[in-house]
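Any read-out appearing in this document is the output of simple, stated calculations on the displayed coordinates, not a laboratory observation. On a predicted model such as this, the values are computed, not experimentally measured, just so you know. Heads up, the Cβs are rebuilt from the backbone with ideal geometry, glycines too, and the neighbour counts pull from every protein chain shown.
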Amino acid sequence: MSVLLGSNSKVFDPMLEAGINVRTFRAYRDQYNFIPTVWPAKESVPEARVTLSIRPVPDDLLAGRLDEQLKSFIASAPPGVRLSAWHEASNLDGYPDYVNDRNMSAVHEYMQELCRGSNVQYGSIICAVPSETKAWMGTSLDWYGLDIYDFGEGQFRDWHGGISKKKLFDRLEDMRQTCRELTGRDAPEMDICETNDPRAGHRGEWFTLLAEWLAGNGGGRLLTFWNPSGSLSGPWLPDDEETIGALRSLASAQA
């Protein structure tokens, strides 16, 4: 299996301490127009690959006012890093009005060009029905990301509350078909950039199904997300042996 398993940055080391072979992590730099000078890295696993989200203001980005900072940052990237701007742009609460589909399309095009020929692979990340969000996703990007959870509305559950493999895979197939249309490639690069199940008893199955689909469709990154106050995720539970066992098994199958 070519799927890299990981988590949001704060839970990377606790997962590693639980015996899970994590090799990728998600990081966020949410201050508007903040361009880091150093790529996030893990001292515990120096080769771990980051997927980083930033928030460049479109007017400043497209006018070239961030070029010097971005070019320097991109040039300093180690191999295997992924970069995205304005994750979940179509649906995340609190974004300013200038975060709209027209601006995001231009942002993605501009950022893709800045990253071309470097160690940085650029992509967009959504958390919505892909075929209904196409205008936000950008065309011909290096990769595309989906944040997906076992939402409380139950769109990925069967009639008795369990996880429906068919419903979940239908959404992932929608993602693949949309990315095919955006790239013109039969096998576009796709990652799961945030995911979890708020119901601890279903997490092992949830992660296993996502890994199964990714492995059968070109690999990518499977990044679990944990937040003590998050209604879609919840805290990392070091005593949840069922979930930890499933994640250990998935991580052991990494390429």
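Sequentially through the range 198-208, phi angles give Karplus couplings (6.51, -1.76, 1.60; θ = phi - 60°) of x, 9, 4, x, 10, 5, x, 5, 4, 5, 5 Hz, Gly and Pro residues having no value and appearing as x.
Based on the Cβ-Cβ distance of residue 186 and residue 41, what FRET efficiency does E = 1/(1 + (r/R0)^6) give at R0 = 45 Å, to the nearest 0.05? So the FRET efficiency works out to roughly 0.85. Candidate cross-link partners of residue 10 among the lysines, defined by an alpha-carbon separation under 16 Å and a same-chain spacing of 8 or more, comprise 42. Ignoring aspartates and glutamates fewer than eight residues from residue 167 along the same chain, the ones with Cα atoms less than 19 angstrom from its Cα are 132, 147, 150, 153, 158, 191, 194, 197, 205, 212.
In this rough spin-label picture, where each label sits 7 Å from Cα along the Cβ direction, the residue 177-residue 63 distance is 4.2 nm. Dividing the mean sequence gap of close Cα pairs (under 8 Å, 6+ apart) by how many residues the range 116-178 holds gives a relative contact order of 33 percent. A DSSP coil position with no more than 16 other Cβ atoms inside 10 Å describes the following chymotrypsin sites (Phe, Trp or Tyr not before Pro) in the range 7-96: 32, 34.
Rounded to the nearest 500, the helix-only mean residue ellipticity at 222 nm of the chain stands at -10000 deg cm²/dmol, with each DSSP H run of n ≥ 4 adding -39,500 (n - 2.57). For residue 23, the shell of other residues with beta-carbons less than 14 Å away shows a net charge of +3, using +1 for Lys and Arg and -1 for Asp and Glu. Note on the range 174-255: Rg/Rh from Cα positions, Kirkwood definition for Rh, rounded to two decimals, is 1.03. Near the amide H of residue 190, within less than 5 Å, lie the amide hydrogens of 144, all on another chain or at least 5 residues away, with H placed in the peptide plane. Counting only other residues whose beta carbon sits under 12 Å from that of residue 71, what net charge do I get with K and R as +1, D and E as -1? Neighbourhood net charge equals -2.
Could you give the length gained by full extension between residue 10 and residue 165, i.e. 0.36 nm per residue of separation minus their alpha carbon distance, to one decimal place? If you can, show how the numbers build up before the last one.
On the way: separation 155, 0.36 × 155 = 55.80 nm, distance 2.92 nm.
So the extension gain works out to 52.9 nm.
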